[in-house]
Amino acid sequence: MKLFVYGTLADPAALGRCAGRPVKHAPQPAKLHGFKRVFLRGARYPTLRRAPGEHVHGVMLRVNADMLVRLQNYESVRYRVVHVRLHSETGPHRARVFIGDAATTVAWVADVKIMTLRSRTF
């Protein structure tokens, strides 16, 4: 199944650690229209919030069911899996994405140190 990632999991090394194994196929750059990346309330991690006219850059990759379960454990109960339509160089795609339960309106800016520490402790 296809998964769109836009934060910590966009790093292939972090994704492999959290999913329990490396992804076999190279991630493909993709764009999710109608959303923007914001802070998750009470955390320093990103989530998505609907925003007409905006878009989020990330990567689309293929994962199996076991990997998705491991990634859900990593993301915690604060994130749910939502079905979305993405756009990439190869055209539109249907994929899944993790969206947090309490999006703020504050634009998210990556803190590489925090993201790396979080993925390494999982």
Residues other than L61 with Cβ under 13 Å of its Cβ, Lys/Arg counted +1 and Asp/Glu -1, net out at +4
Convex hull over the alpha-carbon atoms of segment 1-43: what's its volume per residue in Å³?
106
Using per-residue counts of other Cβ atoms within 10 Å, averaged over each peptide, order 4-14, 47-57, 93-103 from highest down.
4-14, 93-103, 47-57
Based only on other Cβ atoms within 10 Å, what is the fewest-to-most ordering of S88, S76?
S76, S88
Aspartates and glutamates within cross-link reach of K24: Cα-Cα under 19 Å, excluding same-chain residues under 8 positions apart?
D11, D66
Neighbourhood charge, 12 Å Cβ-Cβ cut-off, centred on R94 and excluding it, Lys, Arg +1 and Asp, Glu -1:
+3
Debye equation applied to the C-alpha atoms of segment 2-121, log10 I(q)/I(0) at 0.20 Å⁻¹
-1.17
Under a Cβ-Cβ cut-off of 11 Å, what is the net charge of the residues other than V81 that fall near it, where Lys and Arg count +1 and Asp and Glu count -1?
+1
Hull-based mean projected area of segment 17-87, where the convex hull spans the alpha carbons, in square nanometres
5.3
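Just so you know, all these numbers are worked out from the coordinates, no wet-lab data involved. Here the structure is a predicted model, which means the values were calculated and not measured. Backbone-built Cβ (ideal geometry, glycine too); neighbour counts: all protein chains shown.
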